[in-house]
Amino acid sequence: MRRVVVTGSGVVSALGVGHAAHVAGLREGRCGIGPIELIETEGLTIPIAAEAKGYIATDHFNRNELTLRDRVTQMALTAAAEAVARSGIEITDALAERTATIIGTSMGGQHTQDDNYKLIYREGKQRVHPFTVPKLMSNAPASWISMEHGLKGPAWSVSTACASSNHAIGQAFHLIRSGGADAAVTGGAESGLTFGVLKAWEGLRVMSKDTCRPFSKTRTGMVQGEGAAILVLEEFEHAKARGAHIIGEIIGFGMTADANDIVQPSQDGAARAMKAALADARLGGSEIAYINAHGTATAANDKTECAAIRQVFGAHADALMVSSTKSMHGHCIGAAGALEMVATLMALHDGVVAPTANFEEPDPECDLDVVPNTAREVSVPYALSNSFAFGGLNAVLVAKRFDD
Amino acid sequence: MSDDIRPQVRAIIAEQAMIDVDQVTQDSALDALGLDSLGLVEIVFAIEEQFGVTVPYNANDPSSGEFDISSVKAVEDGVIRLVTEKA
């Protein structure tokens, strides 16, 4: 069977712009959550987020380029450029047609939507900018990446809320494994720190006013984030033939639907997704050393996820390290899974497990080794990365350290 | 004023629970009326809209928050407090 390896990654997050800055933050256990500066916060009940404050649009794009690219597309393109450069992959005419672009985003160009709604509803303007539709459409990040890098193979966007980029990476993995492509630029982007989106989240009453404390008994909910993480996936022989540096290997992908509730998580759906991913990877479960958890720091998610992990792994659950990096880069919704795959690859490649930051007090309902507050240097041969979306759509990836 | 607020709060709860307002007694627990977490969030929203207040309610920590939702009476008392504070 064709093997699929990761040869490049690029990141924009609250921890920094660029892969190096992001993983340095993960290693330090640095929390990127703080007061929102991107927009006016008057009228917001919860004016905090994991905002990518280091990202300055004009450092990356000129004025004409910004006219056509929403912030979500800018972040996707910035991360994609880094991922492609770091991979060293050369997109020849032949490879271009065999390279896929599969990008997750839950909400698409929200800044474009919010700005233009203000113009027509609040300011009573008669018209909006002619490029409003191509800026706000959810496939804009995927389309722009394909255009900028000349990627002519299969390309689409994936929108499954908080699981979008795990679904995207998983589909890219299966596409390459099955022979439908030889390479893929994949991952996710989200930039929904707008007044309208934040009001919508406030309405659901699941947001924390102070910070994100996954698995802690004192947790008070999720914190919104923004950013992008993009990976270059390649068929193994292709990567090997060109002497690429291999960061890690994707070996399994499982997806399920809870078929239960539009917001409440389900232990059964999460457990079945983890089992499906392990089966796809042809692993029993005891090989797994680390799980990058969905870990949103809501009351419901964290206890349900821990129960699902116990259900799947049995006694081995006590030997697992389980951390939520949302404590540092916030919940980046459609970019969450991709950012978390970067943390998962850090564990496999660098032997450093990112911590669960802001942890205060153990919760008997989350009684796993959640790697509290301090990163851990340890060899990780296999790892899992969980994403469980609102609407009960679950996507789990299995990755392996590359050592042959 | 509180005589006026209590029946309004009970009407909001009854509508969300899809039961007759006569079945909503002061000592009823909200979950006993068949309300789940989404129903509670909708009640909080309806209270905020009707009375022009902001209810400090977080679904992650409903039992120990600043706003007691353990019974119908507790919700009524909480709304009266918020309306009084606003006035």
Select from A:249, A:40, A:237 the residue whose mean-square fluctuation is largest in a Gaussian network model of chain A (Cα-Cα springs shorter than 10 Å). A:40
Given unit charges at Cβ for Lys, Arg (+) and Asp, Glu (-), the dipole magnitude of the protein assembly as shown about its Cα centre in debye, nearest 20, is 1460 debye
Could you point to the residue in A:178, A:355, A:324 farthest towards the positive end of the protein assembly as shown's charge dipole, with +1 and -1 charges on the Cβ of Lys/Arg and Asp/Glu respectively? A:178
Can you divide the C-alpha Rg of region B:2-86 by 2.2 N^0.38 Å and report the result to two decimal places? 0.97
Would you work out the Kirkwood radius for region A:4-241? I mean one over the mean of 1/r across all pairs of different Cα atoms, in Å. 18.6 Å
Given Cβ charges of +1 for Lys and Arg and -1 for Asp and Glu, the option among A:224, A:145, B:7 whose Cα lies farthest towards the positive end of the dipole of the protein assembly as shown is A:145
Using only DSSP helix segments of four residues or longer, with each worth -39500 (n - 2.57), what per-residue ellipticity at 222 nm results for chain A after dividing by its residue count and rounding to 500? -10000 deg cm²/dmol
Relative to a virtual label point 7 Å from the Cα of residue A:122 in the Cα→beta-carbon direction, which members of region A:44-70 show backbone nitrogen distances below 17 Å? A:44-47
Region B:2-86, accessible area per residue, ligands and nucleic acids excluded (1.4 Å, Å²): 52 Å²
Over the protein assembly as shown, consider all pairs of different Cα atoms and compute the Kirkwood hydrodynamic radius from their mean reciprocal separation; express it in Å, one decimal. 23.2 Å
Can you give the charge dipole size of region B:2-86 about its Cα centre, rounded to the nearest 20 debye, using +1 on the beta carbon of Lys and Arg and -1 on the beta carbon of Asp and Glu? 120 debye
Which lysines have a Cα lying under 29 Å from the Cα of residue A:209, excluding residues fewer than 8 positions away in the same chain? A:53, A:118, A:199, A:217, A:303, A:326, B:73, B:86
Using only protein heavy atoms and a 1.4 Å probe, how much accessible area in total is buried between A and B, to the nearest 100 Å²? 900 Å²
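Summarise the accessible area of region A:77-232 (1.4 Å probe, protein heavy atoms) by the percent that is carbon and sulfur.
Result for region A:77-232: 53 percent of the exposed heavy-atom area is carbon or sulfur.
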List the trypsin sites (Lys or Arg not before Pro) within region A:41-132 that fall in a DSSP loop (any state other than H, G, I, E or B) and whose Cβ has at most 11 other Cβ atoms within 10 Å. A:125, A:127
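The values are calculated or read from the model by the stated rules, or taken from the named source; none is laboratory data. All of these numbers come straight from a predicted model, not from anything done at the bench. Cβ: placed from backbone, ideal geometry, glycine included. Neighbour counts: every protein chain shown. To get the accessible areas, we keep the full protein, side chains included, count just its heavy atoms, and leave off ligands, DNA and RNA. Shrake-Rupley method; radii C 1.70, N 1.55, O 1.52, S 1.80 Å.
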